[in-house]
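Heads up, the thing below is written out as structure tokens.
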Amino acid sequence: MSDYASPPLVVRAFRLALRNVDGMMTALILPVILMLMFVYLFGGAITTGTRYVDYVVPGVLLVCIGFGSGTTAVTVANDLAGGIIDRFRSMDVRGEALISGHVVASVARNLVSAALVIAVAFAIGFHPQADPGHWLMAAGILGLFVLALSWLAAAIGIVARSPEAAQGIAFLVSFVPYVSSAFVPVRTMPAALRTVANNQPATAVIDTIRASLSGGHVGADAWHAVVWSLAIIVVSIALSGVLFRRRAG
């Protein structure tokens with residue numbers, strides 16, 4: 001069979017996610033909690049030059065996607081630890097196709113989570129100024145980064161020796177958006193953190209989405225976001241292939 005994910009493998013990945021009740025509840029509740037917490041608890045104390053709900057939406061999107069991708073790392077680690085790869089090989093199903101199935105399911109889950117974030121944001125006063133073209137750009141940048149994080153999560157699931165280890169590593173990765181322009185302007189950070197925030201992928205993605213939703217000019221941030229995302233995808237796919245052959249070989 002092809003290395004690409006077949007529909008049955010994608011459906012299987014969805015079913016595994018649905019059986020993970022805790023993960024599904026987190027994916028549904030986390031966007032609501034984060035939006036309400038940052039807007040109503042912290043928003044009044046943070047000056048961004050605009051309404052805080054409009055500022056914070058891209059950051060909440062990336063945090064939720066980061067946590068959601070952690071589920072992919074755990075399910076991939078579970079498959080490898082449970083010996084399911086050997087069973088699929090006996091049916092002439094390549095392991096790489098199994099990993100791709102998890103990635104496709106992860107992208108779909110995270111896009112649903114992103115839609116929930118937007119819905120909650122609208123409910124509490126989010127007022128984007130984007131036209132259809134800007135909405136399309138924001139969706140494209142977000143979708144590409146979701147794909148990048150999903151492949152990165154798959155690689156983490158392969159390298160981790162247990163589902164618990166995969167969850168721990170993915171949990172640490174999900175904190176990357178916090179050291180970015182997600183919740184406060186980068187200019188307000190200490191010099192060391194400002195350097196990190198200005199030179200990491202989350203800031204480029206967040207700033208592009210924020211500018212797009214406000215109907216403004218995205219500038220070079222969009223190219224930086226695309227380059228970062230493509231680099232993560234290429235490295236993660238290559239790393240996944242090497243690591244998978246070593247573990248399943």
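Total residues in the range 37-51 satisfying the condition of being aromatic (Phe, Trp, Tyr) and open to solvent by less than 20 Å² (accessible area, probe 1.4 Å): the figure is 1. Contact map, the range 196-213: first residue acidic (Asp, Glu), second residue open to solvent by less than 10 Å² (accessible area, probe 1.4 Å), Cβ cut-off under 9 Å, separation 6 or more or different chains; pairs are Asp207/Pro58; Asp207/Ser180; Asp207/Ser181; Asp207/Ala225. Would you check if Pro128 is open to solvent by 60 Å² or more (accessible area, probe 1.4 Å) and under 20 Å from Val112 (Cα atoms)? Against the criterion (open to solvent by 60 Å² or more (accessible area, probe 1.4 Å) and under 20 Å from Val112 (Cα atoms)), Pro128 does not qualify. Of all residues in the range 16-34, which are at pLDDT 70 or above and out of contact with any Cys (no Cβ under 9 Å at 6 or more places or on another chain)? Matches in the range 16-34: Leu28, Ile29, Val32, Ile33. Would you be able to tell me the number of residues in the range 179-194 that are surrounded by 14 or more Cβ atoms within 10 Å (Cβ to Cβ) and either small (Gly, Ala, Ser) or in contact with an Asp or Glu (Cβ under 6 Å, 6 or more places away or on another chain) (or both)? Number satisfying all stated conditions: 3. The set of residues in the range 120-155 that are without any contact (Cβ under 8 Å) to a residue 60 or more places away in the chain and more than 27 Å from Gly219 (Cα to Cα) contains only Ala123.
Return yes or no: is Ala197 touching a Gly at 6+ places or on another chain (Cβ under 7 Å) and surrounded by 14 or more Cβ atoms within 10 Å (Cβ to Cβ)? Spelling it out, it is not the case that Ala197 is touching a Gly at 6+ places or on another chain (Cβ under 7 Å) and surrounded by 14 or more Cβ atoms within 10 Å (Cβ to Cβ). Within this structure, Leu172 fails the test of being at negative phi, in contact with a helix residue (DSSP H, G or I) (Cβ under 7 Å, 6 or more places away or on another chain) and open to solvent by 20 Å² or more (accessible area, probe 1.4 Å).
Within the range 137-164, the residues that satisfy the criterion of being open to solvent by 40 Å² or more (accessible area, probe 1.4 Å) and within 14 Å of Val74 (Cβ to Cβ) are Leu152, Val159, Arg161, Glu164. For the range 116-128, state whether one or more residues are touching a Leu at 6+ places or on another chain (Cβ under 9 Å) and under 12 Å from Ile209 (Cα atoms). For the range 116-128, residues touching a Leu at 6+ places or on another chain (Cβ under 9 Å) and under 12 Å from Ile209 (Cα atoms): present. Selection over the range 200-218 of residues that are of a type outside the set (Lys, Arg) and open to solvent by 30 Å² or more (accessible area, probe 1.4 Å) gives a count of 4.
The rows are residues; the columns are (1) assigned to a loop (DSSP other than H, G, I, E, B); (2) modelled with pLDDT of 95 or more; (3) over 22 Å from Ile156 (Cβ atoms); (4) aliphatic (A, V, I, L, M).
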{"position": "Gln167", "(1), (2), (3), (4)": "no, no, no, no"}
{"position": "Pro177", "(1), (2), (3), (4)": "no, no, no, no"}
{"position": "Gly215", "(1), (2), (3), (4)": "yes, no, yes, no"}
{"position": "Ala231", "(1), (2), (3), (4)": "no, yes, no, yes"}
{"position": "Ser236", "(1), (2), (3), (4)": "no, no, no, no"}
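Check whether at least one residue in the range 194-206 is in contact with a Leu (Cβ under 9 Å, 6 or more places away or on another chain) and polar (S, T, N, Q), and report yes or no. The answer is no, given that none of the residues of the range 194-206 is in contact with a Leu (Cβ under 9 Å, 6 or more places away or on another chain) and polar (S, T, N, Q).
The values are calculated or read from the model by the stated rules, or taken from the named source; none is laboratory data. Because the structure is a prediction, the values reported are computed rather than measured. Heads up, the Cβs are rebuilt from the backbone with ideal geometry, glycines too, and the neighbour counts pull from every protein chain shown. When the accessible area is computed, the model is the full protein with side chains, heavy atoms only, and any ligands, DNA or RNA have been set aside. Shrake-Rupley method; radii C 1.70, N 1.55, O 1.52, S 1.80 Å.
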